[in-house]
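Okay, so here's the structure we're looking at.
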Amino acid sequence: MNLQNPKLHRTLGPLHLWGIAVGLVISGDYFGWNFGWSVASFWEFALAVFMIAVFYICFALCFTELAATIPHAGGPSAYAEHAFGRWGGFISGFFVLIEFALAPPAIASALGGYFHFLFPTIPILWASFSFFSLLVAINLLGVKQTARFELFVTIVAILGLLIYIFSIIPFFSIHRFPSFDVTTFSFRAVFASMPFAIWFFLAVEGVAMAAEEVKNPPRDIPLGYAAGIGTLILLASSIFILTAGVIQTEEMATLEYPLSFVLNQIYGEGSLVSVIFTFIGLFGLIASLFGIILGYSRLVYALSVSKYLPKFFSKVDPNNQVPKNAVLSSALIGFICMIVGDTSELITASAFGACGMYVISMFAYFRFKIKDPNRERPYTAPLYPILPFIATLLGIVAMVSVAYSNIRIASIIITILMLSMLLFWIKKSHRSF
């Protein structure tokens with residue numbers, strides 16, 4: 001990797017990384033996952049969520065080893081390049097770029113939806129644009145200020161989910177779960193719901209993209225990442241199970257503010273607990289949108305430094321060490337997608353990009369083990385090769401499932417990948433890499 005350009009500033013510790021890891025994903029508890037119940041029954045979607053949770057546990061342990069051993073803002077792209085060379089880095093970088101470019105407009109749209117729920121006179125699109133612009137502006141201030149803000153909104157977002165959980169527990173009944181019927185159980189529905197199960201955890205790997213800004217990567221990355229994954233699994237399982245025990249799942253399957261809807265159904269339209277939760281819920285969406293903008297900008301910066309993207313994106317502001325052009329590019333993509341995109345399709349496209357990166361990262365993990373067995377590893381994933389094999393297998397299942405759930409979206413992304421590879425080959429043939 002070529003790292004001769006201005007470097008990012010090392011200011012982050014494990015608590016910051018925990019805040020980034022949870023903050024990147026926590027919006028997935030507030031919205032998006034519920035779309036799974038629009039294509040699958042409770043039990044079918046439950047199987048999908050369980051499989052994805054197992055995958056993320058296994059993947060996180062392996063990915064932490066890569067992130068601690070190769071601390072680079074390019075994250076998955078850097079690992080794939082180390083394992084497979086320039087083409088591996090390019091393909092992995094493409095998939096993670098799709099993931100991090102398309103998740104923010106989906107979150108911003110939901111953020112506008114929650115705000116519209118509180119203030120019906122304000123159009124969703126206006127609210128989405130305003131929040132997106134504000135968070136891009138804060139990202140331009142510097143990583144230390146960014147991480148502190150992310151930690152604050154993440155803690156508030158967790159508080160909001162705890163309010164929701166404790167508010168619905170008195171109304172929970174296991175008898176509301178539909179009975180399991182093996183004769184109607186459909187694995188097609190399980191596969192169709194997989195993108196929305198992924199949304200519970202999507203982008204948690206973005207913490208690796210802050211690796212060049214971590215004070216002590218070998219110690220801090222494993223601590224922050226493991227704590228983040230544990231927190232997310234606890235929250236996701238609680239939200240999923242408790243919600244299904246208080247309401248008919250099909251009632252909130254297509255809403256962009258599902259948890260507020262559930263509280264309204266229980267406590268009444270405009271109830272105090274619903275309004276308080278929705279207001280706090282804004283912080284959950286802000287945390288993820290803010291964190292993914294941070295992760296996206298560092299990814300674009302690293303891909304530019306590594307000559308996968310134009311040099312323009314790797315320029316660092318001398319005053320606050322922020323890759324300003326990389327940050328602003330996320331705003332441009334986000335605005336376009338919010339105007340022309342559909343939330344569920346943006347989720348599916350982002351999940352497909354994530355799955356592509358997961359599979360390549362696991363192949364890179366095995367290759368890294370074989371190619372460089374004696375390299376010092378500050379952290380080593382347990383149960384090799386069983387655990388990474390499980391992660392690889394489930395990652396492939398998830399990628400095929402997401403492609404199956406929306407063949408049109410997957411075809412578009414693959415076509416863009418082919419065109420990008422052609423352009424990269426042309427560029428590569430005219431330069432020395």
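A 28 angstrom limit on the alpha carbon distance is what I want to check against. Which of Lys315/Lys369; Lys315/Lys428; Lys324/Lys371; Lys324/Lys428; Lys369/Lys427; Lys307/Lys369 exceed it? With Cα atoms farther than 28 Å apart: Lys315/Lys369; Lys324/Lys371; Lys369/Lys427. The charge dipole of the chain, taken about its Cα centre with unit charges on the Cβ of Lys, Arg, Asp and Glu (plus for the first two, minus for the last two), comes to roughly 1660 debye. 3J(HN,Hα) along segment 45-55, derived from phi through the Karplus expression 6.51 cos²θ - 1.76 cosθ + 1.60 where θ = phi - 60°, amounts to 5, 4, 5, 4, 5, 4, 4, 5, 5, 4, 4 Hz, with x in place of Gly and Pro. Across the accessible surface of the chain, with the other protein chains kept in place and a 1.4 Å probe, carbon and sulfur atoms take up 69 percent.
Phi angles across segment 65-71 convert, under the Karplus curve 6.51 cos²θ - 1.76 cosθ + 1.60 with θ = phi - 60°, into 3J(HN,Hα) values of 4, 5, 5, 6, 7, 10, x Hz, Gly and Pro given as x. With the alpha-carbon atoms of segment 58-176 aligned to their principal axes, the span from lowest to highest coordinate is 52, 41, 28 Å, starting with the largest. Electrostatic tally near Ala40: other residues with Cβ closer than 14 Å to its Cβ, Lys and Arg +1, Asp and Glu -1, net -2. You can think of it this way: the chain between Ser420 and Leu393 has 7.0 nm of extra reach, that is 0.36 nm per residue less the Cα-Cα gap. In the complete set of protein chains, residue-level accessible area for Thr184 is approximately 90 Å², probe 1.4 angstrom. Rolling a 1.4 Å probe over the protein heavy atoms gives the chain an accessible area of 39 Å² per residue.
Working note: Karplus 6.51/-1.76/1.60 with θ = phi - 60° gives segment 16-33 the couplings 4, 5, 4, x, 5, 4, 6, x, 4, 10, 4, 4, x, 7, 7, 6, x, 4 Hz, where Gly and Pro are set to x. Taking amide H positions as modeled 1.01 Å from N, with prolines and chain starts lacking one, the residues under 5 Å from Leu12 and 5 or more places away or on another chain are Val214, Lys215. Placing unit charges on each Cβ (+1 for Lys and Arg, -1 for Asp and Glu) gives segment 95-222 a dipole about its Cα centre, and among Ile198, Leu118, Phe132 the Cα reaching farthest toward its positive end belongs to Leu118.
Sorting 373-381, 107-115, 337-345 by average packing, meaning the other beta carbons within 10 Å per residue, from highest down gives 107-115, 337-345, 373-381. Each peptide in 18-30, 58-70, 226-238 gets a packing score, the mean of other Cβ atoms within 10 Å over its residues, and the list from highest to lowest is 18-30, 58-70, 226-238.
The calculated FRET efficiency for Ile155 paired with Leu272, based on their beta-carbon distance and R0 = 35 Å, is about 0.95. Highest mean packing first, where packing is the average number of other Cβ atoms within 10 Å per residue, the peptides 33-39, 45-51, 176-182 line up as 33-39, 45-51, 176-182. Working from Cα pairs under 8 Å separated by at least six residues, relative contact order for the chain is 36 percent.
The values are calculated or read from the model by the stated rules, or taken from the named source; none is laboratory data. This structure is a prediction, so every number in the text was calculated from the model and none was measured. FYI the Cβ positions are ideal-geometry reconstructions off the backbone, even for glycines, and counts take in every protein chain you see. Accessible surface areas use protein heavy atoms only, side chains included; no ligands, DNA or RNA. Shrake-Rupley method; radii C 1.70, N 1.55, O 1.52, S 1.80 Å.
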